[in-house]
Amino acid sequence: MSHTVCLIEGDGIGAEITAAVQHIIAAAGVTIDWRPCLAGVTALEKTGSPLPPETIAAIKETGVALKGPLATAIGKGFRSVNVGLRQELQLYANFRPARTIPGVKTRYDNVDLIVIRENTEGLYSGLEHIVVPGVVESLRVITEKCSRRIAIFAFETARKYHRKTVTCVHKANILKLSDGLFLDTVRDVAKSYPDIELNDCIVDAAAMKLVMDPTQFEVLVMENLFGDIISDLASGLVGGLGVTPSGNYGDGYAIFEAVHGTAPDIAGKDMANPTALLLSATMMLKHLGETDAADRIESALLSVLQNPATRTGDLGGKLGTSKFAEAVAEACAVGSSG
Ligand code: NAI
């Protein structure tokens, strides 16, 4: 069966890692009609808009996109395209698994976490204004509607992945109204999931506990900013941003992307590790019903990463992006014939 998927190459290392992933997916025998879409700096240069309406329309038509990283200027310039995409398409749930990769040396060898981040509100609502010169207010919006849908997503995820607990991470001791509403709503949703235990943890304590012993958590759910920070912390427990995938899900659409940025320091040098985007693509393949191919790619990737000689430079190996992709593609093909 063939699938149509929007492809946003992105900026910096985007072209190299998306080419690597396309090559591996084809080697695994999945036919995808890739529909190239523009976003980010490339889109701005070519169309005058960092997020052209054609890109939103194409994703609405296909329902699915694979996205490379996009450059965003700090403190000036256009609004983050990532935030724009999530809000325009109401991709309210950011799903970030952080799982130990055998052979990738980290502090722990048994991490298996799922971080669920609310993706559309909180401080990322982008509502900022200057009260008087020298004083700025940023509004942190929490609604019952968005808290409820992310809580349902978290409990459904726990069921789907056979986890027994969900932990709501919050700061309701200080942010009594906003995080109080978030926590109360998660507690209310939990009543419909008697098979899953709900715990809660204040965000600063959660950060400490994750570093001390990540095995005490299974699924963690939180609002936008806390999710941004805690999910990167979880990445650090399993080898960093270069190996961490993510999926952004809404009711009608889904976008899969690596969590790292455009890596301008290594762009165009055939040095980037495509692992995070590849793992995001396997999440996409599962979303499309291509579970066998996704499993085959994952085991091919794990076998290639097991051997220090066939890793990319960031993981201590010597392979460039294209040679690494070739090694995974070959392992996929071997796996499929065996
Ligand atoms: P970055 O993630 O691009 O780079 C941080 C460090 O990690 C660099 O040393 C880089 O070489 C390395 N790195 C990142 N991905 C790698 C990979 N796949 N393989 C090997 N090494 C890798 O973060 P930075 O420098 O803070 O951001 C650069 C740009 O990316 C900024 O414009 C930022 O806004 C954007 N960005 C975009 C994201 C997205 O589109 N999802 C996420 C994070 C940042």
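The values are calculated or read from the model by the stated rules, or taken from the named source; none is laboratory data. In this text the structure is predicted, and so the values were computed from the model without any measurement. Reconstructed Cβ throughout: ideal geometry from the backbone, glycine too, with neighbour counts over all protein chains shown.
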Unmet requirement for Arg140, which otherwise passes all of (1) modelled with pLDDT of 95 or more; (2) away from the ligand (no atom under 12 Å from the Cβ); (3) surrounded by 22 or more Cβ atoms within 10 Å (Cβ to Cβ): (3)
Residue in region 187-209 that is touching a residue at least 60 places away in the same chain (Cβ under 8 Å) and part of a strand (DSSP E or B) present: no
Subset of region 270-328 (residues that are closer than 18 Å to Ala65 by Cβ and of a type in the set (Ser, Thr, Tyr)): Ser280, Thr282
Yes/no for Val21 being more than 14 Å from the ligand (Cβ to nearest atom), aliphatic (A, V, I, L, M) and in the same structural domain as Leu85 (by TED's automatic domain parsing): no
Criterion (on the phi > 0 side of the Ramachandran plot and within 11 Å of the ligand (Cβ to nearest atom)) met by exactly one of Ala263, Ala258: Ala263
Unique residue being surrounded by fewer than 18 Cβ atoms within 10 Å (Cβ to Cβ), under 19 Å from the mean Cα position of the chain (by Cα) and within 16 Å of the ligand (Cβ to nearest atom) when the list is Gly268, Gly236, Gly247: Gly236
Strands (runs of 3 or more DSSP E) fully within region 15-108 counting 1 or more residues that are within 29 Å of Gly316 (Cβ to Cβ): 64-67, 93-99
Region 135-147 residues that are without any contact (Cβ under 8 Å) to a residue 24 or more places away in the chain, paired with ones that are surrounded by fewer than 12 Cβ atoms within 10 Å (Cβ to Cβ) and part of a strand (DSSP E or B) (beta carbon under 8 Å, 6 or more apart): Val136/Glu128; Val136/His129; Val136/Ile130; Glu137/Glu128; Glu137/His129; Glu137/Val131; Ser138/Glu128; Leu139/Glu128
Search result, residues across region 5-14 that are within 11 Å of the ligand (Cβ to nearest atom) and part of a strand (DSSP E or B): Ile8
Helices (runs of 4 or more DSSP H) fully within region 229-338 counting 2 or more residues that are free of Cβ contacts under 8 Å to residues at least 40 places away in the same chain and over 17 Å from Ala26 (Cα atoms): 291-306
Ala43 being out of contact with any His (no Cβ under 7 Å at 6 or more places or on another chain), under 30 Å from Ala333 (Cβ atoms) and either of a type in the set (A, V, I, L, M) or at pLDDT 95 or above (or both): no
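Small (Gly, Ala, Ser), at pLDDT below 95 and either more than 12 Å from the ligand (Cβ to nearest atom) or touching a strand residue (DSSP E or B) at 6+ places or on another chain (Cβ under 9 Å) (or both) - does that describe any residue in region 69-85?
Taking region 69-85 and keeping what is small (Gly, Ala, Ser), we get 71, 73, 75, 77, 80, 84.
Then drop every residue that is not at pLDDT below 95, which leaves 71, 73, 75, 77, 80, 84.
Imposing the further condition that a residue be either more than 12 Å from the ligand (Cβ to nearest atom) or touching a strand residue (DSSP E or B) at 6+ places or on another chain (Cβ under 9 Å) (or both) reduces the set to none.
Scanning region 69-85, I find no residue that is small (Gly, Ala, Ser), at pLDDT below 95 and either more than 12 Å from the ligand (Cβ to nearest atom) or touching a strand residue (DSSP E or B) at 6+ places or on another chain (Cβ under 9 Å) (or both), so the answer is no.
Please work out which residue is farthest from Leu288 (Cα to Cα), limiting yourself to region 195-253 and to residues that are polar (S, T, N, Q) and in contact with a helix residue (DSSP H, G or I) (Cβ under 7 Å, 6 or more places away or on another chain).
Gln216
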Qualifying residue in region 282-301 (condition: surrounded by fewer than 21 Cβ atoms within 10 Å (Cβ to Cβ) and either outside the structural domain of Ala26 (by TED's automatic domain parsing) or β-branched (Val, Ile, Thr) (or both)): yes
Residue list for region 250-265, filter: of a type in the set (Val, Ile, Thr) and surrounded by 21 or more Cβ atoms within 10 Å (Cβ to Cβ): Ile255, Val259
